[in-house]
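Remarks on the structure that follows.
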Amino acid sequence: MGLSAFLAKNAMPVENVKHVVSTRFIDENKKPIAWEIKAITGSEDEALRKSCAKRVPIPGKKNQYQKETDIDLYLGKLAVSCTVYPNLNDAELQNSYGVMGAEALLKTMLLPGEYVDYLTKVQEVCGFDTTLQDEVDEAKN
């Protein structure tokens, strides 16, 4: 088959995933409403990571810095980028929670446990076998 299997036209499309994030959001039939999550591309992910990186001085080394990624900021931006439904950028939805911005809305809409579970699901949809938080925890040990 050669390289033709890797051509864009032959790649299997990545389907959006529907996932119930919270049982607190229900439809008229009292059934939980599923959110829709999409995977992002490697280029989009790289841009997100870069937007969450900062230069941190290396202690004891004058004028030397290392790059650190704010994992919490990155995961919040990743979740927002991957959320298709509900539209987290909707002004009416943000106003109803008294917040500005999709990231603030997501953190306000969901309980802390729901938020962590949602971040895990988003990472799964994007193809991460282990979550970034797992990697951070492992690095600390």
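Computed values, structure above
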quantity: Filter result for residue 91 (of a type in the set (A, V, I, L, M, F, W, C) and either without any contact (Cβ under 8 Å) to a residue 40 or more places away in the chain or open to solvent by 70 Å² or more (accessible area, probe 1.4 Å) (or both)); calculated: yes
quantity: Hits in the range 94-115 (condition: open to solvent by 60 Å² or more (accessible area, probe 1.4 Å) and without any contact (Cβ under 8 Å) to a residue 12 or more places away in the chain); calculated: 95, 96, 98, 100, 108, 112
quantity: Total residues in the range 1-21, condition surrounded by 10 or more Cβ atoms within 10 Å (Cβ to Cβ) and either part of a loop (DSSP other than H, G, I, E, B) or touching a residue at least 12 places away in the same chain (Cβ under 8 Å) (or both); calculated: 7
quantity: Test: residue in the range 31-42 that is surrounded by fewer than 11 Cβ atoms within 10 Å (Cβ to Cβ) and closer than 22 Å to residue 119 by Cα; calculated: yes
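The values are calculated or read from the model by the stated rules, or taken from the named source; none is laboratory data. Just so we're clear, the structure is a prediction, and the values are computed from it rather than from any experiment. Reconstructed Cβ throughout: ideal geometry from the backbone, glycine too, with neighbour counts over all protein chains shown. Note: accessible area is taken over every heavy atom of the protein model, side chains too, but ligands, DNA and RNA are not part of it. Shrake-Rupley method; radii C 1.70, N 1.55, O 1.52, S 1.80 Å.
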